[in-house]
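The values are calculated or read from the model by the stated rules, or taken from the named source; none is laboratory data. None of the values given here were measured: they were computed from a predicted structure. Quick reminder, even Gly has a Cβ in these numbers, built from the backbone with ideal geometry, and neighbours come from all protein chains shown.
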Amino acid sequence: MAGSSFGNLFVLTTWGESHGKAVGVVVDGCPAGLDLKEEDIQKELDRRRVGQSRVTSQRKEEDRVEILSGIFEGKTTGAPISMIVYNKDVDSSKYESIKHLFRPGHADYTYQMKYGLRDYRGGARASARETVGRVAAGAIAKKILWEKEQIRIIGYTKQVGRFKAQKIDFSQIEQNIVRCPDPEVAKQMEEAIVQARKQGDSLGGIVEVVAQHVPPGLGEPVFDKLDADLAKALMSIPAVKGVEIGTGFAAAEMLGSEHNDPFTVIDGKIRTTRNHAGGILGGISNGEDIIVRMVVKPTSSILKTQQTVDIFGHPAEIRVEGRHDPCLCPRAVPVAEAMVALVLVDHWLRNKVSQFDKL
Ligand SMILES: Cc1cc2nc3c(=O)[nH]c(=O)nc-3n(C[C@H](O)[C@H](O)[C@H](O)COP(=O)(O)O)c2cc1C
């Protein structure tokens with residue numbers, strides 16, 4: 001698969017399958033001299049881990065990361081950083097009975113058509129287990145962004161089914177199992193997810209990510225605009241079906257006078273009085289918070305009986321057993337944060353050569 005790498009200067013390549021021996025990532029282009037410990041990576045992986053609560057998959061993976069290369073005496077050396085996480089709780093038995101069937105909404109049919117064969121165990125590369133590598137690489141990106149610019153990246157579940165967060169209180173996000181910044185709505189979301197699971201079904205939702213203190217100037221017109229790269233990064237997360245920046249699709253119903261963000265000066269800095277642009281103009285960050293949202297579809301693996309066909313085209317019925325998340329949003333939050341961090345660190349490095357006078 002030639003599409004397993006991402007980034008221009010800060011480049012990650014993820015590898016490994018859901019039910020293979022291990023998953024991991026190689027990060028190339030990380031500047032030398034960054035203090036980096038396994039704990040820096042582990043704390044992010046712990047947020048992505050399964051089995052955290054009654055609204056996530058019950059697969060029990062401890063996801064312990066080992067850094068294999070690129071660190072000497074606690075600092076990055078500039079060499080590729082290779083990280084590995086062994087798959088310990090692999091149970092492929094549930095996939096045996098459906099190995100010839102195409103799961104509706106999953107990647108079985110398209111992988112079969114593209115490659116002519118398919119590792120049917122747990123979704124293999126199409127499984128979100130692949131995102132372990134993204135979160136591990138994203139932890140390094142976050143550390144660089146924080147230490148150099150105090151950039152903070154905060155993700156949360158904004159909507160599950162018809163329940164929408166009415167207020168955004170960052171301090172509440174990690175206090176509830178759905179990662180919603182509105183504690184009252186969080187309870188409703190949790191209940192809705194549990195009900196969907198009981199009915200053998202699943203729910204979709206929206207994850208929002210805010211990046212604070214991003215300096216103006218990040219983004220490379222015209223094809224590598226910051227918003228274009230963020231859209232690609234988030235759309236590459238399994239189950240993501242749409243991305244919005246700032247006001248996003250609601251802009252269709254607004255007037256120019258409503259949507260334009262007026263400029264002003266605050267504490268000697270040029271700022272805008274509101275942020276419909278989501279912190280990006282002309283594909284370049286403008287110094288306001290970057291605000292991106294992604295819609296996450298309802299988990300395709302459900303217990304309800306569905307109609308399908310087998311690889312020979314014979315009609316069949318399928319019930320997808322196994323350990324699946326009834327709503328993907330809570331666990332998609334750290335993955336979305338990682339992808340935003342990876343785009344920002346890549347553009348932050350690229351922006352270093354944008355002006356002759358600064359060389
Ligand atoms: C964090 C996370 C966890 C996921 N867990 C599951 C899961 O348990 N079961 C499932 O069917 N899909 C899960 N998915 C989504 C599938 O990997 C995805 O729907 C599938 O690869 C098909 O790709 P597509 O939905 O992007 O078209 C998960 C996605 C994410 C981001």
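Going residue by residue through region 322-337, is there one that turns out to be more than 9 Å from the ligand (Cβ to nearest atom) and under 18 Å from E149 (Cβ atoms)? Spell out the reasoning first.
The first filter runs over region 322-337 and keeps only residues more than 9 Å from the ligand (Cβ to nearest atom), leaving 327, 337.
Then keep just the ones that are under 18 Å from E149 (Cβ atoms); that gives 337.
Yes, region 322-337 has at least one match.
Residue-wise test of (1) modelled with pLDDT under 95; (2) more than 16 Å from the ligand (Cβ to nearest atom); (3) touching a strand residue (DSSP E or B) at 6+ places or on another chain (Cβ under 6 Å).
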{"residue": "E149", "(1), (2), (3)": "no, yes, no"}
{"residue": "P181", "(1), (2), (3)": "no, yes, yes"}
{"residue": "Q195", "(1), (2), (3)": "no, yes, no"}
{"residue": "E208", "(1), (2), (3)": "no, no, yes"}
{"residue": "F223", "(1), (2), (3)": "no, yes, no"}
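Is region 30-48 home to any residue that is of a type in the set (S, T, N, Q), farther than 30 Å from T305 by Cβ, touching a helix residue (DSSP H, G or I) at 6+ places or on another chain (Cβ under 9 Å) and surrounded by fewer than 20 Cβ atoms within 10 Å (Cβ to Cβ)?
Going through region 30-48, the residues of a type in the set (S, T, N, Q) turn out to be 42.
Okay, now just the ones that are also farther than 30 Å from T305 by Cβ, so 42.
From the residues that got through so far, the ones that are touching a helix residue (DSSP H, G or I) at 6+ places or on another chain (Cβ under 9 Å) too are 42.
If we keep only those that are surrounded by fewer than 20 Cβ atoms within 10 Å (Cβ to Cβ) too, we end up with 42.
Looking for residues that are of a type in the set (S, T, N, Q), farther than 30 Å from T305 by Cβ, touching a helix residue (DSSP H, G or I) at 6+ places or on another chain (Cβ under 9 Å) and surrounded by fewer than 20 Cβ atoms within 10 Å (Cβ to Cβ), one finds at least one in region 30-48, hence yes.
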Note to self: Just to be sure before I move on: is G3 closer than 30 Å to L226 by Cβ, within 16 Å of the ligand (Cβ to nearest atom) and small (G, A, S) in the structure I sent?
What the structure shows: yes
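Condition check ((1) farther than 25 Å from V26 by Cβ; (2) without any contact (Cβ under 8 Å) to a residue 40 or more places away in the chain; (3) basic (K, R); (4) crowded, with 21+ Cβ neighbours inside 10 Å) across all residues:
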{"residue": "R118", "(1), (2), (3), (4)": "no, yes, yes, yes"}
{"residue": "T131", "(1), (2), (3), (4)": "no, no, no, yes"}
{"residue": "A139", "(1), (2), (3), (4)": "no, no, no, yes"}
{"residue": "F163", "(1), (2), (3), (4)": "yes, yes, no, yes"}
{"residue": "C180", "(1), (2), (3), (4)": "yes, yes, no, yes"}
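Which of the residues that make up region 92-107 are outside any loop (DSSP other than H, G, I, E, B) and at pLDDT 95 or above? I'd like the intermediate steps shown before the answer.
Of region 92-107, the ones outside any loop (DSSP other than H, G, I, E, B) are 93-96, 101.
Matches in region 92-107: L101 only.
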Notebook entry, point to check: Among the residues of region 334-348, is any farther than 23 Å from L12 by Cα and either in contact with a strand residue (DSSP E or B) (Cβ under 7 Å, 6 or more places away or on another chain) or not basic (K, R) (or both)?
Noted result: no
Notebook entry, point to check: Looking at region 90-107, which of its residues are within 26 Å of the chain's Cα centre (by Cα) and either away from the ligand (no atom under 14 Å from the Cβ) or within 13 Å of S18 (Cβ to Cβ) (or both)?
Noted result: V90, D91, S92, Y95, H106, A107
Checklist line | Those residues of region 110-148 which are within 24 Å of T299 (Cα to Cα) and outside any helix (DSSP H, G or I), in sequence order | finding: L117, R118, D119, Y120, R121, G122, G123, S127
Check: Quick one: would you say E208 is among the charged types (D, E, K, R), surrounded by 20 or more Cβ atoms within 10 Å (Cβ to Cβ) and on the phi < 0 side of the Ramachandran plot?
Finding: yes
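Could you list, in sequence order, all residues of region 165-178 that are surrounded by 13 or more Cβ atoms within 10 Å (Cβ to Cβ) and more than 18 Å from T56 (Cβ to Cβ)?
Taking region 165-178 first, the residues surrounded by 13 or more Cβ atoms within 10 Å (Cβ to Cβ) are 165, 168-169, 172-173, 176-178.
Across region 165-178, the qualifying residues are A165, I168, D169, Q172.
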Next item on the list: Given the conditions (1) within 16 Å of the ligand (Cβ to nearest atom); (2) over 26 Å from K142 (Cβ atoms); (3) part of a helix (DSSP H, G or I), report the number of the one that A252 does not fulfil.
Entry: (1)
Next item on the list: Hey, could you check region 324-359 for residues that are more than 17 Å from D201 (Cβ to Cβ) and in a loop (DSSP other than H, G, I, E, B) and say which is modelled with the lowest pLDDT?
Entry: L359
Next item on the list: Could you grab the pairs with beta carbons closer than 6 Å, sequence gap of 6+ or different chains, first residue in region 223-238 and within 13 Å of D346 (Cα to Cα), second one within 16 Å of the ligand (Cβ to nearest atom) and outside any helix (DSSP H, G or I)?
Entry: L230/V292
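With buried (at least 20 other Cβ atoms within 10 Å of the Cβ) and assigned to a loop (DSSP other than H, G, I, E, B) as the only criterion, which of E321, E288 stands out?
E288
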